[in-house]
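Let me begin by presenting the structure, written as structure tokens, before commenting on it.
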There are 2 protein chains.
Amino acid sequence: MSDTRPIGVFDSGLGGLTVVRELFRLMPGERIVYLGDTARCPYGGRSEETIRSFGMQDAQLLMEMDIKLLVVACNTVSSVALDYIERHIKETPVVGVVLPGARAAALRTAERKVGVIGTTATIRAGAYTRAIQTLDPAIKVYGKACPLFVPLVEEGLLDHEITRLTVQHYLRELLDLGADCIILGCTHYPLLIQTIQEFVGTRTHCVDSALWTAKEVQNILMALGDLSPEKAGGLSASRFMVTDYAPRFKELAAAFLGAALPSIDLVELEKLTKVCATVAAV
Amino acid sequence: MSDTRPIGVFDSGLGGLTVVRELFRLMPGERIVYLGDTARCPYGGRSEETIRSFGMQDAQLLMEMDIKLLVVACNTVSSVALDYIERHIKETPVVGVVLPGARAAALRTAERKVGVIGTTATIRAGAYTRAIQTLDPAIKVYGKACPLFVPLVEEGLLDHEITRLTVQHYLRELLDLGADCIILGCTHYPLLIQTIQEFVGTRTHCVDSALWTAKEVQNILMALGDLSPEKAGGLSASRFMVTDYAPRFKELAAAFLGAALPSIDLVELEKLTKVCATVAAV
């Protein structure tokens, strides 16, 4: 048994391509339909209402494309609006990035002290804390919003003195609190992993949610018997959509994906908001 | 003769309040209607098409409110789409922030070498360069995009080692090129003026476009006989609208405005895009 329909993946921008990269690494036979809302990114500093509305619009657009599973690759949307999206999309499995990352961290922390870094909205929502403490209430979770990491990655300053100083500025507190495991709770952060690891040292483990999310997707598709046959998919059989062709787009996409994007379609924002009006009327 | 209708001011976010502050300082009798598109800010890294579309939507919303003059307080929109907005809004004077800043710089540079700092889109559009060289073709203009300045201001790191390092990173090149005058081509940057001035030294002049834009508005209203009588306006008689109540909103607004905002209305994004559909049909 197999299902050759694509997996839908969305993010506020291009960072979700780090999840796509891991999906292809584990399941080269899958096809992906990706949506990056580059006209309205970043979501991480916005209100919960706006994040819910934007996230629902993204999800609904992908649902119109006959996908077999939806990945909410955006940590901000996963933290703030996953329940909301799941309630509206009953017919299709929905996977966020929070639970897989939380599970990996709960397994890894010896000291039972986990740090979570992410956008302001992700940390404020506290979804990682709830997910970890549901798994093990004895684990202490320390959240730290790091709003400068996304622009630093987008500026390409991955290994720069400014970035090292910013890493110290944000992470020192988590080390002082004794965290031995840090969840990179934003799809942009894997690109900073070397600089972060250098500062926190080898005794502190960094959990990349993208990797664990891809494993979760694989487990679900395997359980449902819905994996695609090996030769049906891959990058060239996939589709990538954005709401704005921002400058440095291709360069940035390649950095997140680890490969050049084959082609990109522009989706008009009006199309997203029209979808939303339908949802609101439901 | 006088005109008590409000002045409309818009920006991608809250930075435009630096212009509002100067408007009140010069013309305490005016009323302002302000729109900050906080649900979709920042505009500075987006494509020209998207900036034009967002800017036109912002302008159109204010035009529906019977304003006597429109200020495009956003450097990105002023650089990319001022002509476009002026073509669609014939009945009302439109003032952008580029020309006033360019004029001030052209008058001030002794070495005839001007640096311009701004968002990626502002620098790429080259509007400051064209405006300065129309005034004096002999002036050399050096543009430098500084995408980290906006998030640094929004993080409140106005006087921090990270900010000092970032200022050096971006501005050293302009000093090496011999610029003796630097235009702060983004409404967020006046909040960094001390840190910038410290690095560039007292012999380099920093031009704050907000101040010169307010003077331009005053000149136009005076010429038209449209200034309001002194007691008709001020902060409490003005109206402030945003498309998203982002966290830290009030704190940030107060930093830009130099005073607390009296009250704020939330405008739904759908209202903006509906306005846009009308414009597109024209």
Exercise for review: Please tell me if residue B:48 is at negative phi, more than 14 Å from chain A (Cβ to nearest Cβ) and among the charged types (D, E, K, R).
Suggested key: no
Study note, to complete from the structure: Here the qualifying pairs (Cβ atoms under 8 Å; residues six or more apart or on different chains; first in the range A:16-42 and free of Cβ contacts under 8 Å to residues at least 24 places away in the same chain and closer than 22 Å to residue B:43 by Cα; second of a type in the set (D, E, K, R) and part of a loop (DSSP other than H, G, I, E, B)) come out as none
Check your understanding: What about residue A:216, is it within 19 Å of the chain's Cα centre (by Cα), at pLDDT 95 or above and under 30 Å from residue A:31 (Cα atoms)?
Key -> yes
Practice item. Determine if the range B:96-103 includes at least one residue that is out of contact with any Ser or Thr (no Cβ under 6 Å at 6 or more places or on another chain) and among the aliphatic types (A, V, I, L, M). Key: yes
Point to revise | Residues being outside any strand (DSSP E or B), touching a Ser or Thr at 6+ places or on another chain (Cβ under 8 Å) and either at the interface with chain A (Cβ under 8 Å from one of its Cβ atoms) or within 22 Å of residue B:108 (Cβ to Cβ) (or both) - total across the range B:158-183 | key: 5
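State all residues of the range A:142-156 that are closer than 11 Å to residue A:123 by Cα and more than 10 Å from chain B (Cβ to nearest Cβ); if no residue qualifies, say none.
Just the residues of the range A:142-156 that are closer than 11 Å to residue A:123 by Cα, to begin with: A:142-147.
Of everything in the range A:142-156, those that are closer than 11 Å to residue A:123 by Cα and more than 10 Å from chain B (Cβ to nearest Cβ) turn out to be A:142, A:143, A:144.
For the range B:194-205, does any single residue satisfy the condition of being under 23 Å from residue B:146 (Cα atoms) and touching a residue at least 60 places away in the same chain (Cβ under 8 Å)?
yes
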Exercise for review: Would you tally the residues in the range B:226-251 being under 30 Å from residue A:145 (Cβ atoms) and either modelled with pLDDT under 90 or surrounded by fewer than 14 Cβ atoms within 10 Å (Cβ to Cβ) (or both)?
Suggested key: 7
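Scan the range B:263-270 and give yes if some residue there is touching a residue at least 60 places away in the same chain (Cβ under 8 Å) and within 14 Å of chain A (Cβ to nearest Cβ), otherwise no. Steps first, please.
From the range B:263-270, those touching a residue at least 60 places away in the same chain (Cβ under 8 Å) are B:267, B:269; that's our starting set.
Applying the additional criterion that residues be within 14 Å of chain A (Cβ to nearest Cβ) yields B:267, B:269.
Yes: one or more hits.
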Point to revise | Residues of the range B:229-262 satisfying the condition of being assigned to a helix (DSSP H, G or I), over 24 Å from residue A:125 (Cβ atoms) and free of Cβ contacts under 8 Å to residues at least 24 places away in the same chain | key: B:254
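The values are calculated or read from the model by the stated rules, or taken from the named source; none is laboratory data. All values derive from a computational prediction rather than experimental measurement. Cβ coordinates were reconstructed from backbone atoms using ideal geometry, including for glycine residues, and neighbour counts include every protein chain displayed.
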